[in-house]
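Asker: I'd like to ask some things about the structure below.
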Amino acid sequence: MWFPSFTINFLACVGKSSLALQVQLANVTRLCHTKSIVTINGQFPGPRILAREGDRLVVKVVNHAQNNVTLHWHGVRQLRSGWADGPAYITQCPIQPGQTYVYNFTVVGQRGTLWWHAHASWLRSTLYGPIIILPKLGVPYPFAKPYKEVPIVFGEWWNTETETVISQALQTGGGPNVSDAYTINGLPGPLYNCSTRGLVLRISDALFLFLSMIRSQFCARAETFKLKVKPGKTYLLRIVNAALNDDLFFGIAGHNLTVVEADAVYVKPFVTDTIMITPGQTTNVLLHTKPSFPNSTFLMAARPYVTGLGTFDNSTTAGLLEYRSPGGPHSVSMKKLRLFKPSLPSLNDTAFVTNFTAKFRSLGSPQFPANVPQTVDRQFFFTVGLGASPCPGNQTCQGPNGTKFSAAVNNVSFAMPTTALLQAHFFGQSKGVYKPDFPSNPTHPFNYTGTPPNNTLVNNGTRVVVLPFNTSVELVMQDTSILGAESHPLHLHGFNFFIVGEGFGNFDPNKDPAAYNLVDPVERNTASVPVGGWVAVRFLADNPGVWFMHCHLEVHTSWGLKMAWVVLDGPLSNQKLLPPPADLPQC
């Protein structure tokens, strides 16, 4: 098995693996800008973590930076180990400068690609990396074993400090500045230069003439990810979207991709020339290389899928797929090879996204069944979208009509507590920290995707849903057009869920459930609520603790599009949340 050199290999053998991660500053140069960023072990992106299904991971995190920080193991179920989940002020207080915290958890019943990232403010712009969970020893993949495996991690690069970007946005009430580039494994690629941000609106022929001129420049070559392959081989690409605020299209010129996994769950394989992946999601694909040396180089590119009305980073990151020459590394000049480009969907191609999303189905085999709850104990209907908050009397705000941008679930914009919710819940000290009265339905129904109401103001509060252990849940999440319809990638901590239905317009509880897929729906931890539409999911609340649910567009999370579920202990000893570790950070 092979991985690119941008990572440090931490191999967790079957059993227990201990890792040491240092949160520290490091100088990094991109787009001819050198700045000091918060990193893990001085790497950007951070190191990959390699484990096997069933492994126990003990990860010691030492904070040498000046920022409060936490790490979240995105998609790991954290069965009874909620203290290791990581979202700041939900399951733990942040790790303060100079402090240490040990994340201790076991990977149970999962295999595939997940990822880790910071879960405090916007620090995940530089603190992220892949988690690769191999099957148990002797258990094969449900597809032919690939020749090699390669993480492809998308991110964003800011020439300015992201903590300054979000701090200014929250203060002024307006939208934050956008990133200066997207990245593949931390590298922007040859379609950016050092003097101009965002050269590419579309990959045009004229631009490729320009590309051929700049490819020899050191900056472009040094900041381009290159995937070198052999003819006639199969490569498993483990794709992660770690970008802060954008869904992304991705394709490789001249090559199809076979999708075999989503969010560390095997799916029925299907072939596509382009994938769409939201922030928070992972997608494993098989890349079958051409049978002989093609005398060409192929661009691999990613650019945003856009649904909202706000500004966005309208640029394209690219890497190069290069075939190894049969005559040796110096027999062919890569500069003289033909360069082919992928044809990606247009920025707002919702039809492609809808058709692509509909292709995902759980593998549903006897070994990997789709255990969809056939009946439900509790039904919830959540509206998700943007709104506004009043501007303080002593300042001028840059949000809609002089207000501040906010976001909400069922018109509740989540107010972050100053005590971690899990700690308050476990010690029975929730009074004054949160209220267990989050609304199951909108308190004031309206035409969610039609003409928006006159009042766009949201309510603020720290409110949660409380569920008895083993409650089967159906949750419909409905986009709203209050300040413009927009897709929202919603991530649920502590659980996978089955996406049993989705559609456009307003959800109809009398008609839409009849079309639910209760046989082989895809199982994920992050689902995109369609622009101007809805998505229905089901899950079994079999994991005691406090579990965050939020939009994985970081700006929407900052504005309050988040909430939490409290799952109570079950009656048996193995159904109860374990006690907190002795080194749990204090607020």
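The values are calculated or read from the model by the stated rules, or taken from the named source; none is laboratory data. Only a predicted model underlies this, so the values are computations on that prediction, with no experimental measurement involved. Cβ placement follows ideal geometry from the backbone for every residue including glycine, while neighbour counts extend to all protein chains displayed. To get the accessible areas, we keep the full protein, side chains included, count just its heavy atoms, and leave off ligands, DNA and RNA. Shrake-Rupley method; radii C 1.70, N 1.55, O 1.52, S 1.80 Å.
Asker: What range in the chain is the longest one free of chymotrypsin sites (Phe, Trp or Tyr not before Pro) that are in a loop by DSSP and have at most 11 other Cβ atoms within 10 angstrom?
Answerer: 3-426
Asker: Which value in deg cm²/dmol, rounded to the nearest 500, describes the helix-derived mean residue ellipticity at 222 nm for the chain, given -39,500 (n - 2.57) per DSSP H run of n ≥ 4 and division by the residue count?
Answerer: -2000 deg cm²/dmol
Asker: Now a separate question. Please report, to one decimal in angstroms, the Kirkwood hydrodynamic radius of the chain built from all distinct Cα-Cα pairs.
Answerer: Hydrodynamic radius (Kirkwood, Cα only) of the chain equals 24.4 Å.
Asker: What percent antiparallel are the DSSP beta bridges of segment 378-567, to the nearest 5?
Answerer: On the way: 36 of 52 bridges.
The antiparallel fraction comes to roughly 70 percent.
Asker: Find which of Pro571, Thr70, Pro130 sits farthest along the positive direction of the dipole of the chain, computed with +1 on the beta-carbon of Lys and Arg, -1 on that of Asp and Glu, about the Cα centre.
Answerer: The one lying farthest along the dipole's positive direction is Pro130.
Asker: Continuing with the same structure: Among bridges DSSP assigns within the chain, what percent are antiparallel (round to 5)?
Answerer: Beta bridges within the chain, antiparallel portion: roughly 70 percent.
Asker: How large is the charge dipole for segment 436-587, taken about the Cα centre, if only the Cβ atoms of Lys, Arg (+1) and Asp, Glu (-1) carry charge, to the nearest 20 debye?
Answerer: I would put it at about 200 debye.
Asker: Between Asp377 and Ala20, what is the spin-label point distance in nm, taking each point 7 Å from the Cα along the Cα→C-beta axis?
Answerer: 4.5
Asker: Using the Cα centre of the chain as the reference point, and only Cβ charges (+1 on K/R, -1 on D/E), how large is the resulting charge dipole? Debye, rounded to the nearest 20.
Answerer: Approximately 1760 debye in magnitude.
Asker: Separate question: Please give, to one decimal in nm, the separation of the simple spin-label points placed at Ser292 and Gln66, each 7 Å out from Cα toward the Cβ.
Answerer: Each label point lies 7 Å from its Cα, and together they span 6.1 nm.
Asker: Using 0.36 nm times the number of residues separating Asn441 and Leu518, minus their current alpha carbon distance, what extension gain do you get?
Answerer: Using 0.36 nm per residue and subtracting the Cα-Cα distance, I get 25.4 nm.
Asker: For segment 378-567, what does the convex hull of the Cα positions come to per residue, in cubic angstrom?
Answerer: 118
Asker: Could you give the semi-axes, largest first, of the ellipsoid that matches segment 340-490, computed as the square roots of 5 times the alpha carbon gyration tensor eigenvalues and rounded to whole Å?
Answerer: 31, 28, 16
Asker: Here's a follow-up. List the residues of segment 278-315 whose backbone N lies under 13 Å from a point placed 7 Å from the Cα of Phe368 along the Cα-to-Cβ direction.
Answerer: Counting backbone N atoms under 13 Å from the label point, the list is 283-286.
Asker: Using a cut-off of 12 Å between beta-carbons, work out the net charge of the residues near Met563 (Lys and Arg +1, Asp and Glu -1, Met563 not included).
Answerer: The answer is +2.
Asker: Same structure, new question: Thinking of segment 94-142 as a set of Cα atoms, what percent of all their pairs are more than 15 Å apart?
Answerer: I get 63 percent for the Cα pairs in segment 94-142 exceeding 15 Å.
Asker: May I pose another question? Over all directions, how big on average is the projection of the convex hull of the alpha-carbon atoms in segment 246-390, in square nanometres?
Answerer: Average of the hull's projected areas for segment 246-390 equals 13.9 nm².
Asker: Just the number, please: carbon plus sulfur as a percent of the accessible area of the chain, 1.4 Å probe, no ligands or DNA/RNA counted. Could the numbers behind the result be given before it?
Answerer: Numbers: 11570 of 22140 Å².
The C+S portion of the solvent-accessible surface of the chain is 52 percent.
Asker: Given Asn441, Gln43, Pro392, which one lies farthest toward the positive end of the charge dipole of the chain, if we put +1 on the Cβ of every Lys and Arg and -1 on the Cβ of every Asp and Glu?
Answerer: In the chain, that residue is Gln43.
Asker: Would you mind checking Lys35/Lys230; Lys226/Lys268; Lys230/Lys359; Lys16/Lys228; Lys230/Lys341 for any pair whose Cα atoms are more than 31 angstrom apart?
Answerer: The pairs that break the limit, which is 31 Å between Cα atoms, are Lys35/Lys230; Lys16/Lys228.
Asker: Right, something else. Longest segment of the chain with no trypsin sites (Lys or Arg not before Pro) in a DSSP loop having at most 10 other Cβ atoms within 10 Å?
Answerer: Working: sites that count: Lys431, Lys511.
The segment 1-430 is the longest one with no such site.
Asker: Please calculate how many Å² of accessible area the chain carries per residue, with a 1.4 Å probe and no DNA, RNA or ligand atoms counted.
Answerer: 38
Asker: State the answer as a single residue: which of Cys32, Pro580, Ala407 lies farthest towards the positive end of the charge dipole of the chain, with beta carbon charges of +1 for Lys and Arg and -1 for Asp and Glu, about the Cα centre.
Answerer: My answer, from the dipole projection, is Cys32.
Asker: OK, next. Using only Cα atoms, what Kirkwood radius does segment 17-139 have, in angstroms?
Answerer: Kirkwood radius, segment 17-139: 14.8 Å.
Asker: Given segment 424-523, what whole percent of its Cα pairs are spread farther than 21 Å?
Answerer: Pairs farther apart than 21 Å: 52 percent.
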